[in-house]
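Read the structure below first, then the notes.
Just so you know, all these numbers are worked out from the coordinates, no wet-lab data involved. Just so it is clear, the model here is predicted, and its values are computed rather than measured. Positions of Cβ are backbone-derived with ideal geometry, glycine not excepted, and every protein chain shown enters the neighbour counts.
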Amino acid sequence: MLGAIFTLLAALAFAIGPFLVPDFQGFAPEFFPIPQLKPPLQPAGFAFGIWGVIYLWLIVGAVFGVWRRPKDRQWARMRPALGLSMVIGAAWLPIAQNDPVIACAMIWAMWAFAILALLRAPNLDRAMAAWPVGLYAGWLSTAACVATGLNLAGFGILDPELTALVMMATAIAIAACIQLILKGAPTYGFAVIWAMYGIFVANDEGNPDVAGLALLAMIGIGALAMVALARELRGRTM
């Protein structure tokens, strides 16, 4: 029961973050030696609207867990990693306002714990457990690579467009491997597709190489996600 309550409290704290830091617009350009004013790796602003769905679905899933599965062993396996990921996430926005390097490390930690939680998600109650966690972990898969790319370009390690291509390729490889390992949880792939669509829109006119890679990613990850969805609908989960 304590694990279920901890997960719910962590989800609520996580969702409160944007209200406490309402003016966050991404890493401030001035925090980098080379200001990143319009980085090609950054998705278009509308894409970040997915966070509203992620926050709400995680809270609904946590409430369901407290209400219907407070002592379920499969749910209990998922909760520690998911709770830790969201606790880190609750502290992420204030730190991201001031230190993009630490924020980048934190988002990778969030991603790692979210993936662990997803791998441990119960076979039952998929819409309340695996699917919201999958959407969260999928977005983080791309977000962690974006944060890394912004730091690489901002500190002059790689050219911004080359950074975008390298980190997008990294995100695609990670997403493909994870989706194949999961077999189910199609929301993981759908979140990656949404992030890549945001990158595609942001680069459609000025950076055809970046936009083209984003489009290929949408097609490839989309195929894997549809296979995962078919397996879920047939009851063949992880």
Counting only Cα atoms, I'd like the Rg/Rh figure for the chain, Kirkwood definition for Rh.
0.97
Just need the relative contact order of segment 107-226 here, percent rounded to a whole number, with Cα pairs under 8 Å and 6+ apart.
26
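In deg cm²/dmol and to the nearest 500, what is the mean residue ellipticity at 222 nm of the chain if only DSSP H runs of at least 4 residues count, each as -39500 (n - 2.57), divided by the residue total?
Working: 8 runs with 174 residues, N = 238.
Estimated from H runs of four or more residues: -25500 deg cm²/dmol.
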Quick check: residue separation of R234 and V60 times 0.36 nm, minus the Cα distance between them. What number comes out in nm?
60.2 nm
With label points built 7 Å along Cα→Cβ from the Cα atoms of A28 and D204, find their separation and express it in nm.
3.3
Among I54, P160, G83, whose Cα lies farthest out toward the positive end of the dipole of the chain, if unit charges sit on the beta carbon of Lys, Arg (+1) and Asp, Glu (-1)?
G83
Packing-ranked peptide list from 49-57, 82-90, highest mean Cβ count within 10 angstrom first, is 82-90, 49-57
Farthest positive-ward along the chain dipole, Cα basis, beta-carbon charges - from G222, L93, A117
A117
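Provide the packing ranking of 222-229, 203-210, i.e. peptides ordered by the mean count of other C-beta atoms within 10 Å per residue, highest first.
Numbers: 222-229: 18.1, 203-210: 15.4.
Most protected by this proxy first, the peptides run 222-229, 203-210.
Sorting check: for 186-196, 156-166, which peptide has the highest mean count of neighbouring beta carbons within 10 Å, and how do the rest follow? The partial results should precede the final answer.
On the way: 186-196: 26.8, 156-166: 17.3.
With the highest mean Cβ count within 10 Å placed first, the list reads 186-196, 156-166.
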Say each of F19 and I219 gets a label point 7 Å from the Cα, pointing the same way as Cα to Cβ; how far apart are those two points in nm?
4.4
Residues whose placed amide H lies under 5 Å from that of Q42, excluding near-sequence neighbours:
none
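In nm, what is the difference between 0.36 nm times the number of residues separating M226 and K38 and their Cα-Cα distance?
Working: separation 188, 0.36 × 188 = 67.68 nm, distance 3.26 nm.
Extra length from M226 to K38 when fully extended: 64.4 nm.
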Dimensions (Å) - segment 1-95, Cα atoms, principal axes, largest first:
51, 23, 22
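To the nearest 20 debye, what is the magnitude of the charge dipole of segment 13-160 about its Cα centre, counting +1 on the Cβ of each Lys and Arg and -1 on the Cβ of each Asp and Glu? Walk me through the intermediate numbers first.
Values: 9 positive and 6 negative charges, 174 e Å.
In total the dipole reaches around 840 debye.
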